[in-house]
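Below is one structure, written out as structure tokens; comments come after it.
Derivation of every value follows stated rules applied to the coordinates shown; laboratory data play no part. Keep in mind that what you see is a predicted model, and the values were worked out from it rather than measured. Here the Cβ is made from the backbone with ideal geometry for all residues, glycine too, and neighbour counts use every protein chain on show.
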Amino acid sequence: MSRTYATEPEYATWLGQDSPPVGAARLLRDASLEVDEMLLTAVYRVDQDDMPTDPSVRDALRDATCAQAEHRAEYGDDVEIMEGVEPISLGPLTLGGSRRSDEGSGVPQHSPKARRILRIAGLIPGSITDG
């Protein structure tokens, strides 16, 4: 079951806007999945819908999801595209393709702000590495 840790109105508030941007529902859904990736080893109580019962955990997941959605809105799916596609060559022009691991894309998949929120809440130890 896919969970979404933040609502569209909460995301709009996070951004300091009166209403959520177009596509907010998809951004929040995708961001929630990425927060789940960062929470792979986290232990916290959940209800029958697998949502956290502790208000401080709920708030941390909401804020991390909003931060991750903001990150995705800024960078789009470019990170995934650059990391997993074979290059296409059109004469002297080459588009896409995987970068060598030592080059990196320069844009982390997980928002540094979202990781910091989860780490401060005690939900992830140390640091998450993108790779």
When every residue in the stretch 6-58 that is part of a helix (DSSP H, G or I) and among the hydroxyl-bearing types (Ser, Thr, Tyr) is compared, the one nearest to Gly122 (Cα to Cα) is Ser56
Being over 20 Å from Glu74 (Cβ atoms) and either hydroxyl-bearing (Ser, Thr, Tyr) or surrounded by 15 or more Cβ atoms within 10 Å (Cβ to Cβ) (or both), is that true of even one residue in the stretch 10-30? no
Of all residues making up the stretch 29-61, the number that are in contact (Cβ under 8 Å) with a residue 40 or more places away in the chain, in contact with an Asp or Glu (Cβ under 7 Å, 6 or more places away or on another chain) and of a type outside the set (Ser, Thr, Tyr): 0
